[in-house]
Ligand SMILES: [Zn+2]
């Protein structure tokens, strides 16, 4: 279960490998930030950046996922003795297959093309899901929303996916925080530990 203190923190997603030519890092970063924004600030940092403060998660682009990854998995977060590692792996070639509805073929290199837009959005959503595993410290999946197992083509591509909500644990924390803030506002003092 995430802690209340985990909300509002700065999370740095540090790109640890070369970025595929058909993934637009700016678009990907914007989508990742949008998904997690209700709960925290997620920044995507280019290779070589040293983040100052906050929590760092590393992202690798690699076509081969970990040995225990599901056969149709699009991304992978390793768990050791129930605890998540800080390195997530995203498979661009597997995501291309879902996005293209067919054999994997890289998009042309034209930034701003529909193919690049779709792929960047889908990659961001898979990354957002894996970030969820790390932040929640849980390998399990929800029945719906961002942490559902196997996001489908619509969830990866729809510009406004209604169902891609943050996990219930995080939403509950956000609700509790709002309630605390409202109470603090009424009494004119911060939350106490009574
Ligand atoms: Zn998962």
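No value in this document is a laboratory result; all are computed from the given coordinates. Source: prediction; values computed, not measured. Counting neighbours? That spans all protein chains shown, and the Cβs are built from the backbone with ideal geometry, glycine included.
Results, tabulated for the structure shown:
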quantity	calculated
Whole-Å distance, taken between Cα centres, linking region 77-93 and region 164-179	24
Region 4-187 - share of DSSP beta bridges that are antiparallel (%, nearest 5)	20
Segments 124-133, 19-28, 54-63 sorted - mean Cβ within 10 Å per residue, highest first	124-133, 19-28, 54-63
Angle between the chain longest axis and helix 168-187 axis [Cα atoms, degrees, rounded to 10]	30
Tilt relative to the chain, helix 114-136 - C-alpha long axis, 0 to 90 degrees, to 10	40
Where a label projected 7 Å from the Cα of residue 93 along Cα→Cβ would reach, residues of region 124-142 with amide N under 20 Å	124, 126-127
